[in-house]
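**Student:** What follows is a single structure, and I will ask about it in a moment.
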Amino acid sequence: METGGDLLIIELGAVVLGLAIIARVARRIGVPALPLYLLAGLALGEGGLVELPASTEFIEAGAEIGVILMLLMLGLEFSARELIVNVRRSTLAGIVDFVLNFAPGFVAGVILGFDPIISGLLGGVTYISSSGIVAKLVADLDRIGNHETSVVLSVLVIEDLAMVIYLPVVSGLLFGGTVLSTTLTVAVSLVAVIAVLAVAYLLGDRLSAIALSKSSEALLLTLLGGTLLVAGLAGRLNISTAVGAFVVGVALSGEIVSRARGLLLPLRNLFAAVFFVFFGLQVDPSLIPNVAVAALVIAAVTIVTKIATGWIAAGRAGIGRPGRLRAGAALIAHGEFSIVIAELGIARESDLGALAAAYVIILTLVGAVLYQFSDSIPLARRKRLIGDASR
Amino acid sequence: MRKVTETDLPGVGARFDIETNAGRFVGVVAHQTGRRDLVIYDEHDIDRACESVELTEDEGHTLGELLGGSPMLEHLDDAVHRLEGIVISWVTIDSKSPLAGLSLAEAALRTKTGAGIVALVGDSGSIPIPDGEKRLEPGDTAVVVGAPSAVKAATRLLTRTTP
């Protein structure tokens, strides 16, 4: 047992140090670290270069905590009121986004011979952009003030909210039995989601006040314990742990939010990285060549459909052509949610994992580069059009 | 007031824009954290923030006061005017003024206009209640007090060449 414990620590140390090097390299060359973490995960584990016999179990638990922390932090960014206002204002953009970007994945799944539920998961993978990566790109490139950024953020919020419905539905479909029992599971989980959201909306302020503590230690433990508990219960009810954690984040408001961000950020960074590595670990790298062509084609199609989404949504907000292109390019990057969705189906269809990993790696890198250089793409009659618009 | 366009930035805060008469766009991003970004938009691509300066809450207040003139002084001006029928005016002495370079005694502003100079503000500091030997240096600011018509006449003398 003694040596086993040592081995666990040695493996963990090596993995985390490896991630540290990756994070530095990513920063140096100016790309998000997420796809590189996935690559690292692919290179490790069974079928990879090095196996991790002692630490895989620990990494798996860490990965689950990683998802919960990512979603909790995402939820902290929003208040319930903000979400409602946004859905009302940008419903059309949200629908366009869903139709244009769910379809490529779903159709590809059917063509590849996946069953309808797995195809539905692949549709989810292609639908959802990465709010985490996009928000970071926007901030890094100093584009928060850009007019199209509000449109991009609105679309991302609607996607995140859509997950609150989507994840329980697909979990219900995946783990349900007969048509009747599946329908029942889905219905129960949707009712539960609405109930939890209502509680969050009505009691959010009071819960925040109760959870608040002057002691950072007490606050951290309260947040972590409470969120894990709610997320775990949500998982039990097939609502998915991710949705549970997101709702907790939305429910919290006021002073506690800024303190929670400061306390949780380092933990989030650690465990989110672990999550992406773990996903890579689960994927057998030898499957990648089989799905490489499909991943490239789906990626190419969704680059076009995401740009179209941004173009249409920004156009409706009265934004000029260069801004519309930037909005589209911003939405290309896929990340954490695509991986969360793919993970649901990985046990049932191992090709889905390989496909999603390859797809996310491609889109995150291409998206980051395109968004960065979208201003260098010459658009016809750019100056004249903009000049007209300002008069 | 100019029309201000307000736009929600979910998860960040809000953005406020105005369009200037010259057709340029200037905006402020108000973060939930209290941070403010001063944003200047590109002339050729009005949706693009070509310059974005991060300001703390305190820096934002300071810049706001600079841009809005000095609301404190304006308030003081209004109050005095309303209560006593007196005007206080800050006048920059023009080099072309017939009084430029003269001492206060030589200028005899009070005799000529009825308005008095209660302070001089220049590079070397401010002189409250200056005596007759102090000079009206071009570029300095004179704080002129008197009845509205007297202050108007004094301002004309200090800022313009004789007709």
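The values are calculated or read from the model by the stated rules, or taken from the named source; none is laboratory data. All values derive from a computational prediction rather than experimental measurement. Every residue, glycine among them, receives a Cβ derived from its backbone with ideal geometry; neighbour counts consider all protein chains shown.
**Student:** Residues being assigned to a helix (DSSP H, G or I) and either surrounded by fewer than 20 Cβ atoms within 10 Å (Cβ to Cβ) or among the hydroxyl-bearing types (S, T, Y) (or both): count how many of those fall in the stretch A:63-82. Don't jump to the end; show me each part of the working.
**Tutor:** Going through the stretch A:63-82, the residues assigned to a helix (DSSP H, G or I) turn out to be A:63-76, A:80-82.
From what's left, either surrounded by fewer than 20 Cβ atoms within 10 Å (Cβ to Cβ) or among the hydroxyl-bearing types (S, T, Y) (or both): A:80-82.
Residues flagged as assigned to a helix (DSSP H, G or I) and either surrounded by fewer than 20 Cβ atoms within 10 Å (Cβ to Cβ) or among the hydroxyl-bearing types (S, T, Y) (or both) within the stretch A:63-82 amount to 3.
**Student:** What pairs come up if the first residue lies in the stretch A:79-99 and is farther than 23 Å from A:L252 by Cβ, the second is of a type in the set (D, E), and their beta carbons are under 7 Å apart, counting only those six or more places apart or on different chains?
**Tutor:** A:D97/A:E159
**Student:** With (1) more than 29 Å from A:E159 (Cα to Cα); (2) out of contact with any strand residue (DSSP E or B) (no Cβ under 6 Å at 6 or more places or on another chain); (3) surrounded by 14 or more Cβ atoms within 10 Å (Cβ to Cβ) as the list, and B:G68 as the residue in question, which single condition is left unmet?
**Tutor:** Condition not satisfied by B:G68: (3).
**Student:** So, one more: Could you please tell me which pairs satisfy a Cβ distance under 6 Å, a separation of 6+ or placement on different chains, a first residue in the stretch B:20-47 that is free of Cβ contacts under 8 Å to residues at least 12 places away in the same chain and facing chain A (nearest Cβ under 9 Å), and a second residue that is basic (K, R) and assigned to a loop (DSSP other than H, G, I, E, B)?
**Tutor:** Note: pairs meeting the criteria are B:D42/B:R48.
**Student:** With the checklist (1) small (G, A, S); (2) in a helix (DSSP H, G or I); (3) over 19 Å from the mean Cα position of the chain (by Cα) in hand, flag the one item A:S119 doesn't pass.
**Tutor:** A:S119 satisfies all of (1) small (G, A, S); (2) in a helix (DSSP H, G or I); (3) over 19 Å from the mean Cα position of the chain (by Cα) except (3).
Quick grid of which residues meet (1) of a type outside the set (V, I, T); (2) under 19 Å from the mean Cα position of the chain (by Cα):
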{"site": "A:A251", "(1), (2)": "yes, no"}
{"site": "A:L265", "(1), (2)": "yes, yes"}
{"site": "A:N269", "(1), (2)": "yes, yes"}
{"site": "A:A272", "(1), (2)": "yes, yes"}
{"site": "A:P285", "(1), (2)": "yes, no"}
{"site": "A:I288", "(1), (2)": "no, no"}
{"site": "A:G320", "(1), (2)": "yes, no"}
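**Student:** Next question, about the same structure. What helices (runs of 4 or more DSSP H), lying completely within the stretch A:186-297, carry at least 1 residues that are in contact with an Asp or Glu (Cβ under 8 Å, 6 or more places away or on another chain) and hydrophobic (A, V, I, L, M, F, W, C)? Walk me through how you get there before you give the answer.
**Tutor:** On the way: elements: A:216-236, A:241-251, A:255-282.
Filter on the stretch A:186-297 gives A:241-251, A:255-282.
**Student:** Hey, can you tell me all the residues within the stretch A:83-124 that are surrounded by 22 or more Cβ atoms within 10 Å (Cβ to Cβ) and β-branched (V, I, T)?
**Tutor:** Within the stretch A:83-124, A:I118 is the sole residue that qualifies.
**Student:** Yes or no: A:G335 under 20 Å from A:V170 (Cα atoms) and of a type outside the set (K, R)? Break it down into steps so the answer makes sense when it comes.
**Tutor:** Details: under 20 Å from A:V170 (Cα atoms): yes; of a type outside the set (K, R): yes.
Yes; evaluated as a whole, the condition is true for this residue.
**Student:** Right, next: Filter the stretch A:259-287 down to the residues that are touching a Ser or Thr at 6+ places or on another chain (Cβ under 7 Å) and either closer than 25 Å to A:L212 by Cα or of a type in the set (G, A, S) (or both) and list them by number. It would help to see each step written out before you state the result.
**Tutor:** Restricting attention to the stretch A:259-287, the residues satisfying the condition of being touching a Ser or Thr at 6+ places or on another chain (Cβ under 7 Å) are A:263, A:281, A:284, A:287.
Across the stretch A:259-287, the qualifying residue is only A:L263.
**Student:** Give the residue that is farthest from A:L167 (Cα to Cα), with candidates limited to residues of the stretch A:125-141 that are within 12 Å of chain B (Cβ to nearest Cβ) and buried (at least 24 other Cβ atoms within 10 Å of the Cβ).
**Tutor:** A:V134
**Student:** Check the stretch A:152-160 and report whether any residue there is more than 14 Å from every other protein chain (Cβ to nearest Cβ), at negative phi, crowded, with 23+ Cβ neighbours inside 10 Å and in a helix (DSSP H, G or I). Reasoning before the result, please.
**Tutor:** Pass one, the stretch A:152-160, residues more than 14 Å from every other protein chain (Cβ to nearest Cβ): none.
Checked the stretch A:152-160: no residue is more than 14 Å from every other protein chain (Cβ to nearest Cβ), at negative phi, crowded, with 23+ Cβ neighbours inside 10 Å and in a helix (DSSP H, G or I).
**Student:** Hey, can you tell me all the residues within the stretch B:4-19 that are more than 7 Å from chain A (Cβ to nearest Cβ), β-branched (V, I, T) and within 30 Å of A:G75 (Cα to Cα)?
**Tutor:** Of the residues in the stretch B:4-19, the ones more than 7 Å from chain A (Cβ to nearest Cβ) are B:4-6, B:13-14, B:16-19.
Applying the additional criterion that residues be β-branched (V, I, T) yields B:4-5, B:18.
Those that are more than 7 Å from chain A (Cβ to nearest Cβ), β-branched (V, I, T) and within 30 Å of A:G75 (Cα to Cα): B:V4, B:T5.
**Student:** So, A:S55, is that one closer than 21 Å to A:S130 by Cα and of a type outside the set (D, E) or not? Before you say what the answer is, go through the steps one by one.
**Tutor:** Numbers: closer than 21 Å to A:S130 by Cα: no; of a type outside the set (D, E): yes.
No, not satisfied.
**Student:** Would you check if there is a residue in the stretch B:99-110 being of a type outside the set (A, V, I, L, M, F, W, C), modelled with pLDDT of 85 or more, over 16 Å from B:V87 (Cα atoms) and surrounded by fewer than 14 Cβ atoms within 10 Å (Cβ to Cβ)? Before you say what the answer is, go through the steps one by one.
**Tutor:** Filtering the stretch B:99-110 down to residues of a type outside the set (A, V, I, L, M, F, W, C) leaves B:101, B:103, B:106, B:110.
The next check asks that each one be modelled with pLDDT of 85 or more; those that pass are B:101, B:103, B:106, B:110.
When the remaining residues are screened for being over 16 Å from B:V87 (Cα atoms), the result is B:101, B:103, B:106.
Checking the rest, the ones that are also surrounded by fewer than 14 Cβ atoms within 10 Å (Cβ to Cβ) come to B:106.
Yes, the stretch B:99-110 contains a residue that is of a type outside the set (A, V, I, L, M, F, W, C), modelled with pLDDT of 85 or more, over 16 Å from B:V87 (Cα atoms) and surrounded by fewer than 14 Cβ atoms within 10 Å (Cβ to Cβ).
**Student:** Using the structure shown, decide if A:L365 is within 25 Å of A:I21 (Cα to Cα), free of Cβ contacts under 8 Å to residues at least 60 places away in the same chain and in a helix (DSSP H, G or I). Spell out how you get there, then give the answer.
**Tutor:** On the way: within 25 Å of A:I21 (Cα to Cα): yes; free of Cβ contacts under 8 Å to residues at least 60 places away in the same chain: no; in a helix (DSSP H, G or I): yes.
Judged against the criteria, A:L365 is not a match.
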